[in-house]
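Where a number appears in this text, it was derived from the coordinates with a stated rule and is not lab data. Every value quoted in this text rests on a predicted model; they were computed, and no experiment measured them. When we count neighbours, we look across all protein chains shown, and the Cβ atoms used for this are built from the backbone with ideal geometry, even at glycine.
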């Protein structure tokens, strides 16, 4: 099998999202090595097998002035010990170029899933390294159409691949009757959100709506990172259930009344394409979202998702949805819209583009 060396800023078991969906599918045709963001420790690497992927944890002394040189030696040792001769380099973070720029892959892929430079605590060298990665990459994917528009002039072979869905996984929520113990005592109506709770999360909107609608209950699932948990609004009708496994999500969301894409409008959300939007819809859940560009178009414009710019419109749409007697026509429209949307299709299209690069480079496919 051919090899993919993927370098990511995300740990594999943090949140199951785009890299996991895509690379687990590429692992059917490639031997995939997923290098997590390096951690502090003695120079070493550890390998674990999961989802058909070899997860590589890198350890290096972060206080050492030659940190990147030591990481480079670790990477070289890893490749030599496994006798890896030919490979694809797949990047989720330009920062990995600090210790992988010397590698000579057959193909270099940059899957720009987010505008990382806009995230809190982004290192200043990220943008110069991204410029270097654009020069090295043979093909570039973006995590949404807004991000594509921002970067399309920076590469000759760049393609938008917005968030997709594992339909069978989330459609199971339509039929699930089992309710998790930590949620079953929460009253209805329930408004639910799952995802990473960080600087993108709209704390103030949640605070205001929960205060104004004390009989509505808000279920929040996910890890809190990069923000102080004490800054989150606390009330009897807000329920923080912590992180859940990807496999567990349908059991939770099947008992929600309305799902939320609860992101603030700031520099870290300008280019995002939330994966949860089509996942909620596949589960058959009505959705209220803030005006995130890649949610407004297409989901808002197609009247599949409510777009709420403030607490007044949020409450108006919430009351409108809760008063509905039937959502049969809406659900038929959603299912028709999502019919060809799947991570399998995204994988196939990406793989074709990668194989085209190989062919143009004279590599047998």
Relative exposure of 317, 240, judged by other C-beta atoms within 10 Å (fewest first):
240, 317
Quick note, region 1-93: a/c under 1.5 would make it rounded; otherwise a/b > b/c is prolate and the rest oblate (a ≥ b ≥ c, C-alpha gyration tensor); here it is oblate
Given the Cα-Cα distance of residue 297 and residue 37 and 0.36 nm per residue of separation, how much length would full extension add, in nm?
90.3 nm
Cα centroid distance between region 213-288 and region 295-333, in Å?
16
Got a sec? How would 26, 134, 121 order by Cβ neighbour count within 10 Å, fewest to most?
121, 134, 26
In whole angstrom, how long is each semi-axis of the equivalent ellipsoid of the chain, when you take the square root of 5 times every eigenvalue of its Cα gyration tensor and sort them from largest down?
38, 23, 19
Calculated FRET efficiency for the pair residue 121/residue 149, C-beta based, R₀ 35 Å, to 0.05:
0.85
Based solely on its DSSP helices, what 222 nm [θ] is calculated for the chain when runs of n ≥ 4 H residues each add -39,500 (n - 2.57) and the sum is averaged over all residues, nearest 500 deg cm²/dmol?
-9000 deg cm²/dmol
Gyration tensor verdict on region 113-200 (Cα atoms; rounded if a/c is under 1.5, prolate if a/b is larger than b/c, oblate otherwise)
prolate
Report the residues of region 248-287 in range of a label on residue 316: point 7 Å along Cα→C-beta, backbone N strictly under 18 Å from it.
287
Packing-based exposure ordering (other Cβ within 10 Å, fewest first) of 302, 321:
302, 321
Students often get this wrong: which residues of region 32-49 have the backbone nitrogen under 16 Å from the point 7 angstrom along Cα-to-C-beta of residue 77?
38-47
Pulled fully out, how much extra length does the chain show between residue 176 and residue 352, if you take 0.36 nm times their separation in residues and subtract their Cα-Cα distance?
59.7 nm
Inter-label distance, nm, simple model (7 Å from Cα along the C-beta direction), residue 101/residue 13:
3.4
Rank-order 101-111, 330-340 by packing density, defined as the average count of other C-beta atoms within 10 Å over each peptide's residues, highest first.
101-111, 330-340
Indicate the gyration tensor shape class of region 130-177 (rounded, prolate or oblate), computed on the Cα atoms with a ≥ b ≥ c the square roots of the eigenvalues: a/c under 1.5 is rounded; otherwise a/b larger than b/c is prolate and the rest oblate.
prolate
Can you compute the radius of gyration and Dmax for region 167-337, using only the Cα atoms, both in Å?
14.9, 42
What does the extension gain come out to for residue 215 and residue 228, with contour length at 0.36 nm per residue minus their alpha carbon separation?
2.0 nm
Rounded to two decimals, the Rg over Rh value of region 325-365 from Cα coordinates and the Kirkwood Rh reads 1.40
More than 20 Å apart - percent of Cα-Cα pairs taken over region 188-257
27
